[in-house]
Amino acid sequence: MLNSEEIHPDKVSGNDADKHSLIRIKRLTGVTPLGSQGAVLHGDHANLAIIPVAAGILRLKVFFGGDKPDLGTTPAILPLTQTGDIVLTEDEASYTILSAGLRTVAAKSPFGVKVYDDSGELLADLLGIEWNEKRAQTALLAMDGESHFYGFGEKTGFLDKKGERYEMWNSDVYEPHVPDIEALYQSIPWSIHFRYGRPAYGVLLDNPGRTAFDMRTRADRYQISAERGALDLYIVQGPTLKDVVRNLAELTGRTPLPPKWAIGYQQSRYSYMNQEEVLKVARTFREKRIPCDVLYLDIHYMDEYRVFTWDPVAFPRPQEMMRELESLGFNLVPIVDPGVKKDPSYPVYREGVHNGYFCRKLEGEIFIGPVWPGPSAFPDFTDDRAAEWWGDLHVHFTGNGIKGIWNDMNEPSVFNESKTMDLDVVHANNGDPKTHGELHNLYGMLMSKATQEGMKRHLNGERPFVLTRAGYAGIQRYATVWTGDNRSYWEHLAMSIPMVLNLGLSGVAFAGPDIGGFSHDTTGELLARWTQAGAFTPFCRNHSAIDTIRQEPWLFGEKVEDICRSYIALRYRLMPTLYSFFYDTSVSGLPIVRPLLMEYPDDASVYNLCDQFLFGPDLMIAPILRPGTFSRAVYLPAGAWYDYWTGERREGGRWILANAPLETMPMYVRAGGILAEQPLTMHACDAAAQAGPLTLTVYAGGEGRFALYEDDGLTYAYEQGHYRLRRFVWTEDADGQGSSLRCERAHDGVTGTAHGTAASRILRIFVERPSKAPSQVTASGAALLEWSYDAAAGRFFAELDVSEEDGFELRLA
Ligand code: MIG
C-alpha cells in the first residue's frame, strides 16, 4: 500500500520536455520523386516519405539518412496497391502531391504538412515533427476546442478521449480498469479526430514498440510519439466516422465470420477444476434451460501448467468429457498461454529448444521467465517456422473435438520486475531480426495468428474461434478480444460500454468484457444488470476469478436466474439479427455495437454519450449501471422510437425517463428498424433454429433496411458462395395510405439443406403501428398464408411462404 509520501514534493520531477533538447524539421530542402509510390521530402534534419497507399489513405514516414525509406510494414498492414496517378508539383512555398482522394501540401519553411480531401476540406494538419537525442519522435497535429477523439483500441475512461493521454505497451497489470491507467493489454495505435460539421479522419501509427497519444498536454495540438523505431503514420480519410472506420478496415482488415456458436452465451470460471465439474455446469445449463454454447477451461486443466497437456487426475478422460459436451450442444474452449515450462522431459520444451523456436538473446541464450509453470521459455512467433509449429501443436485439441482456443498472458506477461520479456531479446522476425523492445506489441497478435491458422489447418473446413487478451492493430483478423481483468464493480459495468465501443471504432468488432466482473465478488443485482447489457455485446461471456464468489447465473436466487435466462434467451432469439451484423462487419468493417455518434453524427449532444449504445443501426440499448436504480434518463435522437417492451411510440430529439424495474433493461427501436428473430434454442447451432419460422418485425414510421445473412454457421462453404443474403426494404407511401416490404435475394447460393439452411421457409412478419389499419393486403412473389391486424395494439401480422422465390413484395394498403 502506498501512503501520502507518494506525492512528496521532492518526488515531483520537471516536465520531460525540459530535460531533452528537441530537434525538429524546420524547413524542406528538396524532394525526390518515388514514381508511382509517392515522394520523399528532404528536411534539414530528417526526411519524410509521403506515400499514398490506397484511395484516401496516405502514409507519412519519417526517416534519417539516405534517399530511400524502408517501406516495409508490420503484419498489421494489409498489402495495398495504390491505384491512380500521383502528381507532384512544386512552387516557391510548398510541394503538393495529388493522389486518389487526397491533396497533400507540404510547406517548405516553416515546415508543416496539410492533408486535404478532394472537396478541399482540411483533414490532418501536421504542425511539426520533432525528436530528442535518442530519436524518440513526435508528430504534432492541430486540434482545437471543437475536437473530439475516439479509437485508441482498449482503453478505460469515457467515449471521447479528449484531454487524455494513452500509452501503447501491452501490459498485464492486475485490476487495471481505472481511469488513470495509460496502457492495457491491447495496443491499437489509432486515433480518430472528429469535429462537428468537419470531415473526420484517423491516424494510425504502425510501430509496435512503446508509443503514445497525448491529447492532454497542449491545448492546440495533439501529439503522437514513438519511443523508438519509426514514426510511421497513416492518415485515413473520412469524411464520416463510418467512412473512417471503413477505411481503417482497408488498412488493417476485418473480423472474419466466426462460427455461430462463438456468438452465443459463454460461461467461464478461473477455474472449473475437473472433468466432473465441467459436465455438471453443462448439465445445469440444460436443466435450467438457460441457453449456452461454450464452457471454458482455465489453467487448472493442464498438467502442472504445461501447455498442450491434461492433468491426469482432474481430467483423466477428456474424450469422454468432450463426447458428453458435444451431445449437450456445448463447445469447450481451453486456455493456452505462451509460456512453455522449462522441463527437459517435456516434449514441447524439448522440441522448441531443439529446433530453435524459442525467443533468445543475441548471444543465443534462451530467454527464460517465470509464469504459471515456473521458469518458462516463449515461442518466437515472429518466426514463421515457430508459429507453424505452435499452430500444429493444437492437434492436441482438435483431435479431441475442440474448436476454440483462449490465448491469455500473451502481452507477454512475465512474473518479473518489467512484467514482460526482456527488451533485449532478439526476435528472428523472418530474417529481419528486431529486439523485443521494438516488437513488443506484436507478440500477442502473432500468437493468436499462429493459433488461428494452426486450428484452421486441423479443423477440416470448420471455422476456429480464438479469444485473446493481447493484440495490436489488425488483431480482429485473428481473434476476438475480451477486456481482461475487470472487477465486479458497477463502475466497471459502466466502463465496459465505452471500452467496447472504442474497440469497435478501432476495427475490433468482436469484443466484450467479463460479464459479472472478474475479480471482487459480484452480487445478484450486478449480475442481473450486467447480463442484460452483456446480452448485447458482440462477445458475451461470464467469467470470474479464483477466490471470488461463483458467478453462474443460477446462484443468486430465482429472480436473478430468471432475468439472466430471459436476456440470454433474447440474444438467442435475435440470433439471425446478430449473425447478420457479424456478416456485415466481415464485409464493411463497421462495428456491431455503435456509439450514437456513429449513426447521428450531427447531433451535438452525443459526442460523449456512452451509458447507452446502439446494437446495429436501429436498436438502442440503455442498461442500468447503478444499484438500486429502477429508472433512468435515456436520450433518443431525432425521429420516432418504439419502446421494445411496450411498443409505445416516443418522439426523439429529447431525453426521456425510462422505467426499469430489475427485470427490465430499457430498449428502443428506431422507427424504420427491422429485427429478425428465430425460435428459442439452447445453443446457436441447434437445427431447430434453422427449421423454425423466421420472424421479422418492422417498426413503421420511417424507411427501413435490413440485410439477412444465413449460412451453415460452421464452415467456410460460404467462401464458395454457399450462403443466402436477402435485403429487406420497408417503404411508406407519402400519402400515408400504403406501405410495403420488399425482399430482394441478393445472393442465393444455398442449395437444399446440405449447408444448413433449408431452402423453403415460412416468414412471419409483424408491422408495429402501420400508418393506417390495412384493408387490402397483397403479396407478389410469395404465398400470403394469412394476415391479421390487431387494432388495439396497432400491430399487423402476416405469414408468408417464401419458398423458392427470387424475392417478394408484401403490400399493405
Ligand atoms: O490472472 O488464467 O485475464 O481471465 O482467468 C492471471 C487465469 C491469469 C488472467 C486472465 C483471466 C484468467 C487468469 N489469467
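The values are calculated or read from the model by the stated rules, or taken from the named source; none is laboratory data. The model shown is predicted, which means the values in this text are computed figures rather than measured ones. Don't worry about glycine lacking a Cβ; one is built from the backbone with ideal geometry, like all the others, and counts go over all protein chains shown. Protein only, heavy atoms only, side chains kept; ligands, DNA and RNA dropped before computing areas. Shrake-Rupley method; radii C 1.70, N 1.55, O 1.52, S 1.80 Å.
A simple spin-label model places pseudo-atoms 7 Å from Cα toward Cβ; at Ser327 and Ser605 they are separated by 5.7 nm. The calculated FRET efficiency for the pair Lys68 and Arg457, based on their C-beta separation and a Förster distance of 56 Å, comes to about 0.90. Extending 7 Å from Cα along the Cβ direction at Ala691 and again at Leu2 yields two label points whose distance is 6.2 nm.
Only protein heavy atoms count here; on that basis, with a 1.4 Å probe, Tyr174 has an accessible area of about 120 Å². In a fully extended conformation the segment linking Arg165 and Asp44 would gain 40.6 nm over its present Cα-Cα distance, using 0.36 nm per residue. Nonpolar atom fraction for the stretch 687-812, defined as the carbon and sulfur part of the 1.4 Å probe accessible area, stands at 46 percent.
Counting only protein heavy atoms and a 1.4 Å probe, the chain has 36 square angstrom of accessible area per residue.
Positive-end ranking of Gly647, Pro379, Gly197 along the dipole of the chain, with charges on Cβ about the Cα centre, is headed by Gly647.
If I stretch the segment between Glu491 and Thr240 completely, what's the gain in nm (0.36 nm per residue apart, minus their alpha carbon distance), one decimal?
Answer, rounded to one decimal: 87.3 nm.
Computed per residue of the chain from DSSP H runs no shorter than four, each worth -39500 (n - 2.57), the mean residue ellipticity at 222 nm is -5500 deg cm²/dmol.
Computed about the Cα centre, the dipole magnitude for the stretch 21-252 is approximately 240 debye when only Lys and Arg (+1) and Asp and Glu (-1) carry charge, each at its Cβ. Working note: Cα gyration tensor of the stretch 21-252, eigenvalues times five, square-rooted, sorted largest first, giving semi-axes of 27, 20, 17 Å.
Between the residues Gln551, Leu763, Leu362, the greatest Cα displacement towards the positive end of the dipole of the chain, with unit charges on the Cβ of Lys, Arg, Asp and Glu, is found for Leu763. Hey, which of these cross-link pairs are over 25 Å Cα-Cα: Lys108/Lys434; Lys155/Lys242; Lys61/Lys434; Lys68/Lys134; Lys260/Lys449; Lys280/Lys403? In this structure, Lys108/Lys434 exceed 25 Å between Cα atoms.
For Gly701, the amide hydrogen comes within under 5 Å of the amide hydrogens of Gly672, counting only partners 5 or more places away or on other chains and with H modelled in the peptide plane. Computed log10 I(q)/I(0) for the chain at 0.06, 0.07, 0.11 Å⁻¹: -0.40, -0.54, -1.32, from the Debye equation with unit scatterers placed on every C-alpha and solvent omitted. Computed over the alpha-carbon pairs of the stretch 687-812, the distance histogram in 10 Å steps reads 13, 43, 29, 13, 2 percent, short to long. Across the stretch 687-812, the mean sequence separation of Cα contacts (distance under 8 Å, 6 or more residues apart), normalised by length, yields a relative contact order of 27 percent.
Which trypsin sites (Lys or Arg not before Pro) in the stretch 252-319 pass both tests, a DSSP loop state and at most 11 other beta-carbon atoms within 10 Å?
Answer by residue number: Arg289.
Got a number for carbon plus sulfur as a percent of the stretch 131-286's accessible area, 1.4 Å probe? Don't skip to the end; give the middle numbers.
Numbers: 2190 of 4490 Å².
About 49 percent, which is the carbon plus sulfur part of the accessible surface.
Within the chain, helices built from complete DSSP H runs that reach 20 Å or longer along their own axis (Cα positions) and carry a mean Kyte-Doolittle hydropathy of -0.5 or higher are 490-504.
Length gained on full extension, Ala93 to Ala219: 42.6 nm, using 0.36 nm per residue less the C-alpha separation.
Dipole of the chain, Cα-centred, from +1 at each Lys and Arg C-beta and -1 at each Asp and Glu C-beta, to the nearest 20 debye?
Charge dipole of the chain: 500 debye, to the nearest 20.
Charge tally for Val307 (other residues, Cβ to Cβ under 9 Å; Lys, Arg +1; Asp, Glu -1): +1. Each label was represented as a point 7 Å from its Cα along the Cα-to-Cβ direction; for Glu703 and Phe797 these points are 3.1 nm apart.
Given N residues in the stretch 462-608, what is Rg(Cα) / (2.2 N^0.38 Å)?
So the stretch 462-608 has a normalised radius of gyration of 1.07.
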